[in-house]
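Each remark here refers to the structure printed beneath this line.
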Amino acid sequence: FLQVSPQYARADLLLDFTGGSANTFGGNATVGWEFTLSSPVLLNGLGFWDNGSDGLINPHDVGIWNSASPSTLLAFTTLTTASSTAVASASPTGRWLFNAIPSITLSAGTYVVGATIVSNDPDLQRFAATASLFSGATFVQARDISGASLTYPSPASVFNDGVFGPNLQVSPIPEPASTALFLGGLILCL
């Protein structure tokens with residue numbers, strides 16, 4: 001009997017962090033960060049930071065854009081404590097809340113993830129944190145833009161030590177040879 005746990009069934013955080021400080025913005029905004037991928041991944045979920053692990057006060061729209069086409073929102077969801085799944089963080093100061101989305105492939109390239117926050121939002125984001133990213137992902141810069149609706153955020157160099165509220169759950173895409181080997185082994189077991 002062959003028991004296999006395929007690598008692509010696992011979902012990982014694109015970003016996690018330690019340290020930093022909890023803070024918010026003085027007005028309605030979309031805040032987030034830009035990142036690059038050196039190889040494709042499957043995007044499985046969109047999330048938001050739950051500082052203190054005590055649930056979100058406000059709903060937060062979270063979305064992702066390909067920076068080559070900022071007018072096209074690739075995926076979005078609205079996060080609330082009731083509708084979301086909690087995911088542990090390396091930080092003892094909180095947890096992540098995620099909504100699953102239909103999987104989409106993110107090719108190698110540059111992307112922006114953003115989330116809506118309200119003025120003086122009690123759902124705090126983390127600033128100046130030490131980030132660790134999924135293999136093949138690189139943090140580029142913080143982003144924000146004023147406004148009440150989910151909008152493609154602009155570069156925000158003043159926050160380039162990080163503003164982490166929104167996040168992604170991703171899975172590696174298996175190499176074609178690995179998939180063929182897995183399927184071949186499965187057929188032999190039948």
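The values are calculated or read from the model by the stated rules, or taken from the named source; none is laboratory data. In this text, all values refer to a predicted model and were calculated from it rather than measured experimentally. Positions of Cβ are generated from backbone atoms using ideal geometry, with glycine treated the same way; all protein chains shown enter the neighbour counts. Ligands, DNA and RNA are excluded from the accessible area calculation, which covers all protein heavy atoms including side chains. Shrake-Rupley method; radii C 1.70, N 1.55, O 1.52, S 1.80 Å.
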The number of residues in the range 142-182 that are modelled with pLDDT under 95 and on the phi > 0 side of the Ramachandran plot is 1
Residues in the range 121-176 that are of a type in the set (V, I, T) and in contact with a helix residue (DSSP H, G or I) (Cβ under 9 Å, 6 or more places away or on another chain) total 1
### Message
Whether any residue in the range 54-61 is small (G, A, S), touching a Ser or Thr at 6+ places or on another chain (Cβ under 7 Å) and under 22 Å from V140 (Cα atoms) is what I want to check.
### Response
no
Going through the range 80-121 in order, the residues found to be touching a Pro at 6+ places or on another chain (Cβ under 7 Å), surrounded by 14 or more Cβ atoms within 10 Å (Cβ to Cβ) and not small (G, A, S) are T80, L106, V112, V113
Do we find a residue being out of contact with any His (no Cβ under 6 Å at 6 or more places or on another chain) and more than 22 Å from T151 (Cα to Cα) anywhere in the range 63-75?
no
Expected output for the range 97-121 (first residue closer than 24 Å to F25 by Cα, partner open to solvent by 50 Å² or more (accessible area, probe 1.4 Å) and hydrophobic (A, V, I, L, M, F, W, C), Cβ below 7 Å, 6+ apart or cross-chain) is L97/A86
Per the list (1) more than 24 Å from N58 (Cα to Cα); (2) surrounded by 13 or more Cβ atoms within 10 Å (Cβ to Cβ), residue check on Q125 breaks on (1)
Being farther than 22 Å from S171 by Cβ and of a type in the set (S, T, N, Q) narrows T130, T105, T85 down to just T130
Q. Looking at the range 19-33, is at least one residue open to solvent by less than 40 Å² (accessible area, probe 1.4 Å), over 22 Å from T130 (Cα atoms) and within 16 Å of the chain's Cα centre (by Cα)?
A. no
Residue hits (the range 34-79; open to solvent by less than 50 Å² (accessible area, probe 1.4 Å) and among the aromatic types (F, W, Y)) are F35, F48, W49, W65
